[in-house]
Amino acid sequence: MRPFQFLPKLSLIALTAILMVGCAETKFVLHTAKRLGETTKSQGAYKVGKPYQIQGQWYYPGEDMSYDRTGIASWYGPNFHGKPTANGEVFDQWEVSAAHKTLPLPSIVRVTNLDNGRSLVIRINDRGPFKPGRIIDLSRRAAQLLGSENAGTAQVRVQILAKESRQAKLNAMSGNRQLAYSDAPIKAQNVASKPVTSQPLPAPTLAKTSSNLYVEPAPLEPPPQPARVMQTKITGAQVGDVSQGAVLPMRMFVQAGAFSNPYNAEQVKARLDSLGTDLGNVRITPFSMGGKALFRVRVGPIGDVAQADATLAQVIEAGYAGARTVVEKKVTN
């Protein structure tokens, strides 16, 4: 037997092993790139959409650059993580994003948690929430930054940022999008500029209030992978900007509708009054919008979100599908 008889076979085995290691390393690199670089992530598109109906309620999407409303925010995360959003992006619960029923996708909004005074600039890229009484659905990361993750809900004000939203539209239409990792400092006013995944935000200082609305923000726990903050190339407010304001006493109502004819408002009030004392105090409050007198029919004030949900369900069942929960500053004498 010749001593070099098995060399060709050994060479073939060695070459195969090298190729297998190379393939494994290639797969590892690709996996790491997808996990950390997100270079292949879906771009998404600009979308407004046509009117649509969910559970008997019609919604009318539109470019409303004066949008400014209050209501109840919820948050969503694990069950939707990795699934497509309404404009074709991939939902990431660790990005600062949110879902809204009618605002364009994407839009940039400032959401203020009225329970603790904290504000956050957020990118809207999905539709929802469709639970009655909810005005916006935050990503898990947005809920963490606003201090509402543990409570599940929060009383909020949602204000569209017109300049930033117009720029986000141009970016989406041109395919221009920028990702920033959250271990870069987030711009903030009156809040320490440190990585959001490693430093809890300070608890706000409470102002005097007669209500029990404050929710203590939970410490921000790092996600299982690097959290990303979606940013648009804009010169104004940046997605992920956090600021802290004063906590003001608030009160909550369920609004059945707003009418230009006071007679119609009286009719709605009479209908709600007929439901009995369990519904609560029904009132008509006049206000002016654009120089036009309107009359709101409201039930309340209401003490907590659970009671507001129950009251809203009664009002909707009474035939007022467009009823909603609103939050406003409490008038003190």
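Each reported figure results from applying straightforward, stated rules to the coordinates on display, with no laboratory input. The structure presented is a predicted model; accordingly, all values stated were derived computationally and were not measured. No Cβ is skipped: glycine too gets one built from the backbone with ideal geometry, and neighbour counts run over all protein chains shown.
Before moving on, here are some points about what is shown:
- Cβ-based net charge around ASN264, under 12 Å, with every Lys or Arg adding one and every Asp or Glu removing one: +2
- Descending by average beta-carbon neighbour count within 10 Å, the peptides 264-272, 98-106 line up as 98-106, 264-272, the highest first.
- Sorted on the mean count of surrounding Cβ atoms within 10 Å across their residues, most packed first, peptides 75-86, 51-62 read 75-86, 51-62.
- Alpha-carbon centroid distance for the pair region 87-134 / region 269-333, whole angstrom: 25 Å
- Peptides 117-130, 160-173, 278-291, 137-150 ordered by average Cβ neighbours within 10 Å, highest first: 137-150, 117-130, 160-173, 278-291
- Kirkwood-type radius of region 55-98, with distances r between different C-alpha atoms, in Å: 13.2 Å
- Greater than 26 Å apart at Cα, pairs in LYS47/LYS330; LYS50/LYS292; LYS83/LYS169: LYS47/LYS330; LYS50/LYS292
- Gain on full stretching of the segment that runs from SER260 to ALA321 - 0.36 nm per residue minus C-alpha separation: 20.1 nm
- Note on LEU275 and ALA313: their simple-model spin labels are 1.2 nm apart, each label 7 Å out from Cα toward Cβ.
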